[in-house]
Structures are given as C-alpha cells and as structure tokens.
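The values are calculated or read from the model by the stated rules, or taken from the named source; none is laboratory data. This is a predicted model, so every value here is computed, not measured. All Cβ positions, glycine included, derive from the backbone under ideal geometry; neighbour counts span all protein chains shown.
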C-alpha cells in the first residue's frame, strides 16, 4: 500500500526544521516509485551476461556497469539479497530464479573452515532472505550452518568474534574486532531461535556487550577496530583501518553500529542496547551536513571537499526506521522515522541516483578512502540497504 505524502511530510519537515533547514521536501519523494526504479535497475543488471559465481561489487566513477568479484568477497551476499528484495517487490519469477541461482553460488563457502567474520552479510542477506520468502528448509539449513561456522571465530576469553584473521600476523594484533561485526550478529540471533544452539545467541550478546564497552567512546562515536589481548582478554587499544584517524568518526562504521545495536535490542530486549543505539544515532544525526549525506569521515579536515558516503546514509536510514519502532514515546519514534525519510529523500535525488546509464541504484559512496579504493563510487551494499530501507518504509 502506498504511503500518502501527507503522512510522510510532517515528520520530514519536523526533522528538517529542527536540524537542517536545507533538507529536501518529502513532496518530491515517492518511496514506491523508487522501489520500482530499483527493480528496473536490477533487471538491467541481469541482462548483462556474467558468470554465475561472480557478484557485482562496485562501479567506479565514470563507469556504467558493475565490476564483479568472486563469491569469496565479503560483499557477495548483497547481490542475491537485492534479487530477493526485487522479487518481493515485483513477484517477477525471472527475478526469483536469478535470486535462487545467485544464492546457491554461495554454498561452496561452507565447505571450508570459516575464513571471514562476514558470514552474516554473505548468508543472512542471501539464504536468510530466501528462507523468509520461500520457506525452503534447505535454505534454513544453510543459514544454520553459516551461524555455526561464524561461531568458530569467537574467542571466549576476549568475548568477541575475531575479525580479519590475517591481521594477527600482519599487524601483530593478538585479537581484533571491527565495529562492522555488529552486523553479523543477526545471523547468530536468528539461528538460535530457529533450531540452532542457544550458545549462538549467548555469543552474540557477549560480543555486543564487549564491543559496547570498548569500541564505543563516551561521546557515542566509535572506533573502527578494537585490539584485544588473548591472555586475559583486556582491551589494548582502538584504531582505524578505513577511517581518517584512530580517533575520528568514520561514517560507515557509525552506521553499522546504529544498525547492529538496534538489532541487538530487538533480539534481547536489553535496555542498554537500546540506549546505545539511540546514542549512536543521535551522534550521527547531530553531525550530518546541511544536505544530509555524510562525508566518508566526519573528521576529515578536507571537508567540504571530502568524498561523501551514500552507503553510510542508506545503512543509517534502514537502521533508523527500525529504531523508531523500538523507542518509547511518539516524539522520539517520529524523530527517527523523519530522519530516515529525509536521508532517503536526499538519496532519491538526481545527484545521488545512478540515472539512466549507470546500473547502480546510487552513486557517491566511499569504500576504503585511506587505501584509495572505491572512492566516489557505486557500491553494492549501498544499493542493498537503500532498497531495504525503501522496503521497510513501504511495508
């Protein structure tokens, strides 16, 4: 059912008036039309021949078609997830068959010991969506297997899941955990509720609690990476790999944290997780520029010449829509919902949309600025969370 503009407008104007007068009006934003736009873009990508086990990852500035990666890349679950959402939007069985094929290509990842902390991204966005929409028990079994595999990276003395196993030798870190890993906990929570071991939820809770004490600073900005000692589990230091500096506020990391702690609250009902999610969200919103789309790092001294990150905006928009459903009081709920709509409205303007020639939904995202990778690009996970946010808004 289409959400009338009259229902969207007041909240958006409330957010704009209280924080950013230059925010675009929701009168120009039709979430159902933007969903149709995403479905059309997805069909266009399918018309380009590609190997079954290669997945779109990025479109660099000036390019029009997706550059692809193998299923071993951490982003490999997002394209199957987009296909499942597009099928859900349209009922198009061509999209369903494509989603099934792209999803099944990931099965090989579970034939070896866990190599990545991102199994949640890989399997919950693909097989998890497949099970939600089809009820296929084989898909459920793959999600459960992925959760068990992810749990093998958990270090009980530290209390977190290991990120980037190769960094231990490369950087001399005994154990490291990145804020992004909060996104993979949903896989563990879901599995524990659907036939997996209760220990999976216990691991997820402990990881969230440990990250809350160590990766989140007193002002509710976040460290990208936490380094831990494995002898007694103590926190050694917080650093960055993809942000501007160890003490800066990396935009996408902040968005991952908002989303992750919102999910942690949903799954546990623990008040401290909701408080954390709200603190993270309020910090993010308070630092947005007047036109709403965050710079890749809020503390980059080259602002306003610094690159933007549409991916951080899309992730945050999806998270804020759910966060607004969990807070107490209509004013707080409306504030987070209005902020999400304002972000989506800005993303849905010609400046940020892929347009007629680019296969991606969105432009102007930033992957890894310090390494000079995927700067001012289209990124598959920006598209995934943009479509997810539109789905949440229109359901």
Just to be sure I understand, how many residues within segment 329-340 are farther than 17 Å from residue 390 by Cβ and either part of a helix (DSSP H, G or I) or modelled with pLDDT of 95 or more (or both)? 6
For segment 26-46, name all the residues that are surrounded by fewer than 20 Cβ atoms within 10 Å (Cβ to Cβ), farther than 13 Å from residue 387 by Cβ and in contact with a helix residue (DSSP H, G or I) (Cβ under 9 Å, 6 or more places away or on another chain). 27, 28, 30, 43, 46
Can you say whether residue 364 is at positive phi and either surrounded by 24 or more Cβ atoms within 10 Å (Cβ to Cβ) or in contact with a helix residue (DSSP H, G or I) (Cβ under 9 Å, 6 or more places away or on another chain) (or both), as far as the supplied structure shows? yes
Within 21 Å of residue 70 (Cβ to Cβ), out of contact with any helix residue (DSSP H, G or I) (no Cβ under 8 Å at 6 or more places or on another chain), assigned to a helix (DSSP H, G or I) and modelled with pLDDT under 95 - does that describe any residue in segment 112-128? no
The residue from 132, 97, 145 that alone is farther than 30 Å from residue 43 by Cα and either outside any loop (DSSP other than H, G, I, E, B) or modelled with pLDDT of 95 or more (or both) is 145
Which of the residues spanning segment 173-203 are assigned to a helix (DSSP H, G or I) and in contact with a strand residue (DSSP E or B) (Cβ under 6 Å, 6 or more places away or on another chain)? 179, 181, 203
For residue 83, the lone unmet condition from (1) over 26 Å from residue 369 (Cα atoms); (2) at pLDDT 95 or above; (3) not in a helix (DSSP H, G or I) is (3)
Check on residue 199, farther than 22 Å from residue 281 by Cβ, surrounded by fewer than 22 Cβ atoms within 10 Å (Cβ to Cβ), in contact (Cβ under 8 Å) with a residue 40 or more places away in the chain and over 18 Å from the mean Cα position of the chain (by Cα): yes
Could you check segment 76-99 and list, in sequence order, the residues that are surrounded by fewer than 20 Cβ atoms within 10 Å (Cβ to Cβ) and closer than 20 Å to residue 141 by Cα? 96, 97
Some residue of segment 205-213 being closer than 12 Å to residue 238 by Cα and surrounded by fewer than 24 Cβ atoms within 10 Å (Cβ to Cβ): yes
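Test residue 144 against the stated conditions and say whether it is surrounded by fewer than 18 Cβ atoms within 10 Å (Cβ to Cβ), over 19 Å from the mean Cα position of the chain (by Cα) and closer than 30 Å to residue 98 by Cα. Don't jump to the end; show me each part of the working.
Numbers: surrounded by fewer than 18 Cβ atoms within 10 Å (Cβ to Cβ): no; over 19 Å from the mean Cα position of the chain (by Cα): yes; closer than 30 Å to residue 98 by Cα: yes.
Answer is no for this residue.
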With the requirement that a residue be surrounded by 22 or more Cβ atoms within 10 Å (Cβ to Cβ) and either farther than 24 Å from residue 215 by Cβ or touching a strand residue (DSSP E or B) at 6+ places or on another chain (Cβ under 7 Å) (or both), what does segment 281-292 give you? 292
For segment 236-251, give me the residue count where each residue is in contact (Cβ under 8 Å) with a residue 60 or more places away in the chain and under 14 Å from residue 287 (Cβ atoms). 3
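Yes or no, residue by residue, for (1) in a helix (DSSP H, G or I); (2) farther than 23 Å from residue 193 by Cα; (3) at pLDDT below 95:
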position: 257; (1), (2), (3): yes, no, no
position: 266; (1), (2), (3): yes, no, no
position: 274; (1), (2), (3): yes, no, no
position: 280; (1), (2), (3): yes, yes, no
position: 285; (1), (2), (3): yes, yes, no
position: 289; (1), (2), (3): no, yes, no
Any idea which residue in segment 291-309 is farthest from residue 338 (Cα to Cα), counting only those that are touching a helix residue (DSSP H, G or I) at 6+ places or on another chain (Cβ under 8 Å) and not in a loop (DSSP other than H, G, I, E, B)? 297
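Looking at 170, 206, which is the one that is out of contact with any helix residue (DSSP H, G or I) (no Cβ under 8 Å at 6 or more places or on another chain), modelled with pLDDT of 95 or more, more than 23 Å from residue 54 (Cβ to Cβ) and assigned to a helix (DSSP H, G or I)?
206
Residue under question is residue 382, and the condition is that it be part of a helix (DSSP H, G or I) and under 14 Å from residue 296 (Cβ atoms); does it hold? So that I can check it myself, show each step before the final result.
Details: part of a helix (DSSP H, G or I): yes; under 14 Å from residue 296 (Cβ atoms): yes.
For residue 382, the condition - part of a helix (DSSP H, G or I) and under 14 Å from residue 296 (Cβ atoms) - is met.
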Can you confirm whether segment 259-276 contains a residue that is surrounded by fewer than 23 Cβ atoms within 10 Å (Cβ to Cβ), on the phi > 0 side of the Ramachandran plot and without any contact (Cβ under 8 Å) to a residue 40 or more places away in the chain? yes
